[in-house]
Structure formats: C-alpha cells, structure tokens
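I have placed the structure first, in the form of structure tokens, so that the comments after it can refer back to it.
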C-alpha cells in the first residue's frame, strides 16, 4: 500500500515485484484518520479477496515520519496525522502482519529489489517531486538511522547562504531543485523580467500562481530560454547535492526519480555530466547514474517487498495473529 | 598500526582498547615504500616480542585509499604510494593476519568501540585536521561503500559557489573549515586588512606563510577579533555540513575530533548550537554532539579493533598462514 496525502494505491504484489491487481483510491484526509483507515482496509480486503491465496503480509509506505518500533505515524503533514497508530490499527482490522515505513523509503525498496537498483549492494535513490526525498542502501541494507529518518536527502545544504527552505533552514537541495522551489524561482524570474517570462506565463493561463515545476519543464522542452535557464539551475543544484552524496556514501549507483525527473528526463544526463568535476575520482569511479524505473508503482512494490523481506518479523507477526 | 605521511605509531592493543606498549617512529616516505615497510615491520616485531602472547592479527590504518579486497594502498599522496601491496607484504613478513583500512576509518573504529561512540549503533565521526575526513557507523556497521571510499565527509558541498577546494570542486566543507583552508582565509584577511591581522601576523613571526590553523586557534583563544571572526566562519561551515550529515544519515551521535577541534574545543558547542535551526527536528531529536576522546591514539586503537572484530577473516588468515 502506498498511502499518500491525496491518493493511495493498494496492490497485490508477488515476490518478483509483479503487480497482480491494483486499486487506486482518493485519500480523504479531511474526513479524519478513522475514515482513511477504514477505506484502505476495505481496499486491502478487496485485493486479498480476489488473490488466490492470503498474502504473507501487508507493507505500507506512508507520506510521513514513522516510528520504527510501533509502526505509528509520528507526523504526516499532508494527511494531518500526528501519532496515529497505523500499524496497530491495520493489524487489528486485517489480521495480517503489517509493516509500515516512509513512502520514499518504500520506493527505495522497490527500485532496489525490482527497479533500477537490482543487484546493487550500495545505492542511493533521490526522488525529486514537489519536495525531495531519498533512500540509501548500504552494504545490502536499507539505512534507517537512529530515529528512522535517515535519507532526508533533500535537506542537505548545498548553498550555505542560499534561498530559504520550507524546513526552516536555507540552501537545502530541495530549496533550489524541489518542485515548490522551482515554481517559486520561476515566479520570481517572471516578475523581474516579464518579457522573458511570457511563454511560461502563457502556459500557466496568465496566472503566476498557476506556475508549477511541470509548466517549467514543459516550457523547457519547448525550448523557452527562461525555462532552460531554470532547468540549468536545477541541474547545478542536483549535481552539487549528488556530489556530496557520492563523496559521503560512495554508492555504486545513483537513481533519480520523481515528477521533476519524469518531466525532464534529460536532467539525469545533465547531473551525470556535472558530477564529473565535482565528486572525488575514487568515489565516482564505480558510479552509474540512472533514471528510476518503477515510476508511480515504486512505493507500492517497495512496501510489499519490505513486508516480504522481513521474514523474522512476518513469522513473529503470524504467530501473534494466529 | 597508524601509518601516517610523516610519522607512524605501532602499538600492542588489547580487546578493551587499552594500549600496552606503543612505539612512535618517523615515516621516512622519501626513502621509498620498501624502507617504510621494513621499518614498520621491525617495529611490529619489537612490540610482538615484548607482548606475553602473539597477537590475533595486525590492523593497519593508512593515510590513503585502500582496496577493500587486496588490502593494497591504491593512492596515498602523503606517502607517495600508488598501488602498493601493503597487506600482502606485511602478511609475508609478519606471518600474521593483516587488515588494512584508511586511517580516518580506523579512527572511527576506535572512537566507536573505545572512545566517544561506545554503545552507539549509528554515529558519525568528523575529524577536522589539515583536511577533513570522517567515518560512518550505520546499524552497527562501519560503512565502506561501493569502492571502499565511503566517509569523505570533508568533501560534501556546503557552498555551491564557494571557495575552491584541493579536490578540484568548490565549496566543500574542507575548503572552508579544513586547516589548510583556515590558513588560506587568514592570509587573505590579513592581506586585505593588515591592521586587523596584526596579532595573527605577530604570532606567525611576521611571515604570512607561517600562518597555520593552529596560529588562528591560539589567537582566537587570546581574544583576537580577526581570529574570532575566522573561528565563526569555521563554526558556520561545520554546522552547515553537520546539518547535511544529520539529515542524510540520522546518527545518534556526532563526534568531532582532529587538530582544529583540539585547538579550539569550544567549536563543538558552537556547532551544536548552530545545528539547532539547521537540521530537521525529527533527525536531530536523538542527536548528541561530542568531542572525540582518543585523540592521537584513535587510529592505532581503531586499527587493532578492526583486526579483532573481523573474526572470520582472522581465522581464514590464520589457516592460510599456518
């Protein structure tokens, strides 16, 4: 299950990462957590019902911070949840072992085991959407960190005195290359040079507030000069951040995904070119930089993989449930 | 053994990290690798000779890049070594299992098992000396990465357009807070404002080229205004870098060591204060920031710990040797 702020996916996934059945449903967060949980439980039941045998477990990737031990959602701003006992409630309702992780980490599991990271023991995923999140596989383990928040890769500082970030810091990679920051910069550029911003503004129906990263990427693909400059700034920021990650983690593979990358796939090549002079030769020697493969299914496939690759816990869960 | 560019330490270390005997010797790199190896082999033999029983193995921390499989030194600029079969040669000479790693990673082993990191499963060491190096323990394992270079923490970018770094990139944490960069900035500041630089220059015997990070730290402790401004800049850079590391890795503990920290220990507090507004609340919640404890012995204690904590390899080594 991929439980997002506005929509969710519930799917029956096999051990090879293949999706057998997939349901999409809106996440009606405004109705409160009980309603959201009841609706996803109903969706899981339907998927389980049509599968030819009961699932080994239920994996959940949720758009929020997760407590590693309890599987509770500590804080999920897009859902409006604080300390919501997600794992406990799903277990009670479904009578199945349940594994809860962050949505981005679930997507990392997916790309690692069934996507662009297959066969790699050390890799990093960076998902560039409205925000930027990531996940790290080190020595064949998905890093969790001390309080289960490892992988906040959007919030590495790349410009000490750079633009403010939604996190309260400044100069984070996300504050330049995240979707919301791209839109902010586009509006700023248009305001300071309306002539250069004409095409962008047209694409947004004349409304600066309607400008999104998607609009910028479309204009760049159409050759608009301002949009191309904006893309260049994004590539520079992603490359600086990627160089930091390569030097610090020394991954074999760096996987780039998310809406901004999907909107302008050439960014992968642009980042790779700019890493060359930025990362240490010994660190970048084994490195390949590629695009994510599972797209919107990474989270749901990864969540299922997480459940399947935690055999000890599954067994323990089964025993407790039976 | 801690094999440095100008001096080396060979010690008999027990399983509790206690040093029983310690020899210091100059590393006479200019005489070539054969001489260096012969001299350290002689020192190891002397230490072994006076120990009451033969050691389980020999751990080596060397100032250079190490090939994880062969234990060869791929590149050690301060020793002038390229592709030097260190492990192989030491094994042949000593008839003991040998484990070779990078000196900074050895120090991380030391601080983790016997220093400021005892009992922590997730921690980061940052050693701020002439350069900046580091090591990461994640889930009770010292990270190695894809090509054994994980932990180049001095070369995370904190200022996209910042000052040039010796690595070829610009704006690395090391390019602002490393000893060589501190000296560079001090010289620059003195040149642009000789009056403000008077005390610093005096402490360096009137020779700008004699200004080192140590001189800056001493002047700062004596209350010199320019030196204090320089220290502030260092604290800011270290805090920005530390925030990146905390957000990306989510360690329980951040350990700061090395000559610059030893020269101005208050930097630890200054970095901790500045992390507060920079790192994500969930990532910094469990974090403590402390000073390294083992000082110059971290490398030699850590190298020995590495050898003792690789039991399977030790056994294999013994069999092969016997």
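Just so it is clear, none of the values below were taken in a lab; they were calculated from the coordinates. Computed from a predicted structure; not experimentally measured. As a convention, Cβ positions derive from the backbone with ideal geometry for all residues, glycine included, and neighbour counts pool all protein chains shown.
Some values worked out for this structure:
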{"read-out": "Likely footprinting exposure, B:143, B:1, B:308, fewest C-beta neighbours within 10 Å first", "value": "B:308, B:143, B:1"}
{"read-out": "Relative contact order %, segment A:14-152, counting alpha carbon pairs below 8 Å whose residues are six or more apart", "value": "18"}
{"read-out": "C-alpha long axis of helix B:103-114 to longest principal axis of chain B, angle in °", "value": "80"}
{"read-out": "Helix A:179-192 axis, angle to chain A major axis (alpha carbon atoms, nearest 10°)", "value": "20"}
{"read-out": "Chain A: C-alpha gyration tensor shape, a/c 1.5 cut-off, then a/b vs b/c", "value": "prolate"}
{"read-out": "Volume in Å³ per residue [convex hull over Cα atoms, computed for segment B:20-101]", "value": "88"}
{"read-out": "Mean-position separation - Cα centroids, segment B:84-131 and segment B:276-300, in angstrom", "value": "19"}
{"read-out": "Within chain A, percent of DSSP bridges classed antiparallel, to nearest 5", "value": "60"}
{"read-out": "Normalised convex hull volume, segment B:126-276, alpha-carbon set, Å³ per residue", "value": "112"}
{"read-out": "Computed log₁₀ I(q)/I(0) - Debye formula, equal Cα scatterers, no solvent, the protein assembly as shown, q 0.05, 0.07, 0.09, 0.11 Å⁻¹", "value": "-0.25, -0.49, -0.79, -1.11"}
{"read-out": "Exposure proxy order (Cβ contacts within 10 Å, fewest to most) of A:18, A:195", "value": "A:195, A:18"}
{"read-out": "Across the identical copies, how the residue B:276 labels are spaced - nm, sorted shortest first, 7 Å along Cα→Cβ", "value": "4.6"}
{"read-out": "Translational diffusion coefficient (Stokes-Einstein; Kirkwood radius from C-alpha pairs) of segment B:6-146 at 37 °C, 0.692 mPa s, in µm²/s", "value": "206"}
{"read-out": "Normalised per residue, the volume of the convex hull around the Cα set of segment B:83-164 (Å³)", "value": "153"}
{"read-out": "Least to most buried among A:153, A:280, A:23, B:79 (fewest other Cβ within 10 Å first)", "value": "A:23, A:280, B:79, A:153"}
{"read-out": "Other-copy label distances relative to residue A:192, 7 angstrom Cα-Cβ extension, nm", "value": "2.2"}
{"read-out": "Computed helical MRE - 222 nm, chain A, DSSP H runs ≥ 4 contributing -39500 (n - 2.57), nearest 500", "value": "-13000 deg cm²/dmol"}
{"read-out": "Rounded to 10°, Cα long-axis angle of helix B:298-308 versus longest principal axis of chain B", "value": "30"}
{"read-out": "Label distances, nm, residue B:161 versus same residue in remaining copies, Cβ-directed 7 Å point", "value": "1.0"}
